[in-house]
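Values in this text are rule-based calculations from the coordinates and carry no lab data. Remember, predicted model here, so these are calculated numbers, not experimental data. Backbone-built Cβ (ideal geometry, glycine too); neighbour counts: all protein chains shown.
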Amino acid sequence: MRGGLRAIGSFFFVLFFVTDSFAAKATTGAGRPNILVIVVDDLRAKALGASGHPFLKSPNIDRLANEGLIFSNAFVTHSLCSPSRATLLTGLYSHKHRVVDNNTSLDPGLPAVPKILQAAGYETGLIGKWHMGNVEAQPQPGFDRWVSFSGQGVYTDPLLNIDGQDIQTTGHITDILTDYALEFLGRDRQKPFFLVLSHKATHEPFTPQKKFQEIYANANFTFPPTWGENLSGKPSYLQHHLFAGDLKLRTRLYYECLAGVDESVGKVLAKLQQKNILDETLVIFTSDNGFFLGEHNLWDKRLAYEESIRIPLLVRYPKWFAAGSNVDVFALNLDIAPTIIEAAGLKEAFNMQGFSLRKLAYREVERNCFLYEYFVLFAYPNTPAIRAIRTRDYKYIVSLNVNETGELYNLSNDPLETRNLINDQAFSRVLQRLRFQLDSLRFATGDTSVDTAVDGQTGGNPLQFELYQNFPNPFNPATTIRYALRKTGPVRLEIFDTNGRKAATLVNAVQRSGSHTVRWNAANQPNGVYFYRLRVGSLVQTRKMILLK
Ligand SMILES: [Ca+2]
């Protein structure tokens, strides 16, 4: 914390002369910066030398911290590959861009950074993992240069799609992607460039290059402090995330996989330096999600605990940030797109939901808490939809579609999240406040999507029934809900709050075809957002309403 304050002090000092030197450059025509975003897959925040890791070495990535800024409190809003990548490119929460799983394509109609920068005169490129939708090996809108692969890809001898052509390559994917990136960066061009170098590493199955195999074989591995934790006070779905196997070996392979990425970062920075454009390039280094390495006996990501949602976030851009700075503001993957937009000098905000990292670092904007979200995946049905709020001192976690305990952690004296305080009366007012804050955050960011708040189901066949908007809406204290049935059948009309708790069952009966009207008196309910769900046979429709007394 003290280091962070020192760094803030140095920002303002450095700002003056850096601004002066930029003004001088601007008059010579060196206007818009190049932008390079390096995304590692599944790299947790602590897996860096710059993050104070006891034995892991990442000198080239650390160089970005030494010559730039490290955000020591950086998080994702959704700890999963595709949703996080969509957020990185759009500055939107998953419930807004709708890439809520690993199979949904990014809506080409959304304003995303590649298209925005291409239209603004940037030469744009994606080299590496795209992983949105099922046909994603093909070039996507907004990229002049495309070197990618289908889905997760493979570590060895990957089949790549290069500008629309399938090309079989040989070697380790980290080396191959790096070579393509060096070729792109080495081009002579009049335009500034925007490049996303998106590594397959360090995703499972951890496969380091031969030269890095066993470099940590003799490292002093220690089990995390929460390994062996008794999880009885926590939700039962954690049982589906337990680690089984040789934790030391898997951890070692993960770190050895990172060694290749570190070497790649070194080559890329050397190329920028050789081209004499390093200081005119905004370099952002980050990951799409964190990763458990045995903390709470867990493995993988998805969950709302710190190891899963914290990411590394390093920015090198001397025009903005002094060398060797760090700040502890809450920075999110949501903020990367707005940062790029600001760096490129664009005035439009494109309705993005994040803040520029420059504005956050200089405290021109303030973020005291943020929303975390996770959606049910077809392939992982045992992990429920999750919403959480993280403040400076607390984290409150709820699962939406299952009857599981919520979780409350006092991060100021339990940073490892070992004591669930959800039933502790001493924290009942804190809990009440956090529930209200979470509801408010969801409402403010538009997280009222019908398929997440209630049961993961959406749609319905309008030929069979129609659920109409309730009236009035907002209402106080009663509202009328109308619907029409095409044929006679079993009907259930229920009300849920934003955490998926049922507030009322209004109809549970066989009803005749035709129009129906039901009144809900909510005099005893707290204010907030609610959902009413009409189930006719196996079909469901849901709508949102607001109680405001
Ligand atoms: Ca990932």
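Please give the FRET efficiency for ASN521 paired with GLU348, using the beta carbon to beta carbon distance and R0 = 56 Å, rounded to the nearest 0.05.
On the way: r = 46 Å, r/R0 = 0.81.
It comes to 0.80.
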field: Hz values of 3J(HN,Hα) by residue in the range 473-478 - Karplus curve (6.51, -1.76, 1.60), Gly and Pro given as x
entry: 7, x, 9, 6, x, 10
field: Which of SER198, SER94 has the fewest Cβ neighbours within 10 Å, and the rest in rising order
entry: SER198, SER94
- prompt: Using the alpha-carbon centroid of each, what span in Å lies between the range 471-547 and the range 104-133?
  reply: 40 Å
message: Of all beta bridges DSSP finds with both residues in the range 2-366, what is the antiparallel percent, to the nearest 5?
response: 40 percent
message: Can you sort TYR155, TYR254, TYR305 from fewest to most other Cβ atoms within 10 Å of each residue's own Cβ?
response: TYR155, TYR254, TYR305
statement: Each label sits 7 Å from Cα toward the beta-carbon; between ARG433 and ARG501 the label points are separated, in nm, by 1.9 nm
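For LEU159 and SER232, calculate 0.36 nm times their separation in residues minus their Cα-Cα distance, and state this gained length in nm to one decimal. Please list the in-between numbers first.
Values: separation 73, 0.36 × 73 = 26.28 nm, distance 4.54 nm.
Here the segment from LEU159 to SER232 would lengthen by 21.7 nm.
Ranked from highest to lowest mean number of other Cβ atoms within 10 Å per residue, what is the order of the peptides 82-89, 387-394?
82-89, 387-394
Send over the per residue convex hull volume for the range 457-547, Cα only, as a whole number of Å³.
Details: hull volume 7.4 nm³, N = 91.
Cα convex hull per residue, to the nearest whole number: 82 Å³.
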The range 486-492 - phi-based ³J(HN,Hα) in whole Hz, Karplus 6.51/-1.76/1.60, Gly and Pro as x: 7, 9, 5, x, x, 10, 10
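Please list, by residue number, every one of the GluC sites (Glu not before Pro) in the range 209-310 that is coil in DSSP and has at most 14 other beta-carbon atoms within 10 Å. Before the final figure, lay out the partial values.
Values: sites: GLU214, GLU229, GLU256, GLU263, GLU280, GLU295, GLU306, GLU307; in loops: GLU214, GLU229.
Of the GluC sites (Glu not before Pro), the ones in loops of the range 209-310 whose Cβ has at most 14 other Cβ atoms within 10 Å are GLU214.
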task: Towards the positive end of the charge dipole of the range 2-366, with charges on Cβ (+1 Lys, Arg; -1 Asp, Glu), say which of PHE330, PRO83, VAL100 has the farthest Cα.
output: PHE330
query: Using modelled amide H (1.01 Å from N, peptide plane; none on Pro or chain starts), what sits under 5 Å from the amide H of PHE75, excluding residues fewer than 5 places away?
result: ILE311, ALA331, LEU332, ASN333
field: Computed magnitude of the charge dipole of the chain (debye, nearest 20; Cβ of K, R +1, Cβ of D, E -1)
entry: 1560 debye
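For ARG512, ARG419, what ranking results if the residue with the fewest other Cβ atoms within 10 Å of its Cβ goes first? Numbers along the way, then the final one.
Working: ARG512 10, ARG419 13.
Listing ARG512, ARG419 from fewest to most nearby Cβ atoms yields ARG512, ARG419.
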